[in-house]
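The values are calculated or read from the model by the stated rules, or taken from the named source; none is laboratory data. This one's a predicted model, so the numbers in the text were calculated from it and none came from an experiment. When we count neighbours, we look across all protein chains shown, and the Cβ atoms used for this are built from the backbone with ideal geometry, even at glycine. These area figures cover heavy atoms from the full protein model, side chains too; ligands, DNA and RNA do not enter into them. Shrake-Rupley method; radii C 1.70, N 1.55, O 1.52, S 1.80 Å.
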Amino acid sequence: QKEVEQNSGPLSVPEGAIASLNCTYSDRGSQSFFWYRQYSGKSPELIMSIYSNGDKEDGRFTAQLNKASQYVSLLIRDSQPSDSATYLCAVNSWGKLQFGAGTQVVVTP
Amino acid sequence: EAGVTQSPTHLIKTRGQQATLRCSPISGHTSVYWYQQALGLGLQFLLWYDEGEERNRGNFPPRFSGRQFPNYSSELNVNALELEDSALYLCASSHETGAHEQYFGPGTRLTVT
């Protein structure tokens, strides 16, 4: 079992719709969780961090965390073509980030 | 505020040689992390330095090593290069050690021929 799992996609989303990305993790001791966006050929860019159970909203992005279920999600509202990228879920484990394989999102006009 | 910087952007080496990659963290950040992103393998944690000390190490052989300087910049050395070391090497920094947000530099693309 991988430590951080994501659906690989691609996830095709019509422009203006909501993209929903999911992530599960295995380390119950993890306390901090992150979503990164990575455009092709570029480095990962931090878009959301979440540390406690519940929802955290930042602009068009909402992160959700459920530690009991070991589950993190990211919602992207009003998806735009510029949101087309690979989204990486990262879980902090003893200072190092454990990354999922990433979900490719394609926003179609 | 300047972001994390890395040099060189690209590096081409021959199998068996040594490579040295450099990273300067965001001003005020004391922790530096190194990751490898090889094609098809995703992002893998390599090393974590804080206050000049190695704090954690990923599942990589000892020929991957590094150090952190008093100004918090860092160097990653890869000895006895192998073809499978070809990857994007990413450096990240955080303003506090441990569980805090990490910000990535643009990376160094290492090609081993």
Subject >> Scan of segment B:65-95 for residues that are assigned to a loop (DSSP other than H, G, I, E, B) and over 20 Å from B:Thr5 (Cβ atoms), ordered by number >> reply: B:Asn79, B:Ala80, B:Leu81, B:Glu82, B:Ser86
Subject >> Unique residue being surrounded by 13 or more Cβ atoms within 10 Å (Cβ to Cβ) and of a type outside the set (A, V, I, L, M, F, W, C) when the list is A:Ser12, A:Ser82, A:Ser52, A:Ser8 >> reply: A:Ser12
Original post:
What number of residues within segment B:28-75 are polar (S, T, N, Q), within 12 Å of chain A (Cβ to nearest Cβ) and touching a Pro at 6+ places or on another chain (Cβ under 8 Å)?
Top reply: 1
Original post:
Among the candidates B:Phe69, B:Phe60, B:Phe45, B:Phe64, which residue alone is loosely packed, with under 14 Cβ neighbours inside 10 Å, in contact with a strand residue (DSSP E or B) (Cβ under 8 Å, 6 or more places away or on another chain) and aromatic (Phe, Trp, Tyr)?
Top reply: B:Phe69
Subject >> Selection count where residues are open to solvent by 30 Å² or more (accessible area, probe 1.4 Å), within 11 Å of the chain's Cα centre (by Cα) and either at the interface with another protein chain (Cβ under 7 Å from one of its Cβ atoms) or among the charged types (D, E, K, R) (or both), scope segment A:90-108 >> reply: 1
**OP:** Starting from residues that are open to solvent by 30 Å² or more (accessible area, probe 1.4 Å) and part of a strand (DSSP E or B), keep the ones in segment A:36-49 and report whichever is nearest to the other protein chains (Cβ to nearest Cβ).
**Re:** A:Leu46
Original post:
How many residues are within 13 Å of another protein chain (Cβ to nearest Cβ) and in contact with a Phe, Trp or Tyr (Cβ under 7 Å, 6 or more places away or on another chain) if we restrict to segment B:13-27?
Top reply: 1
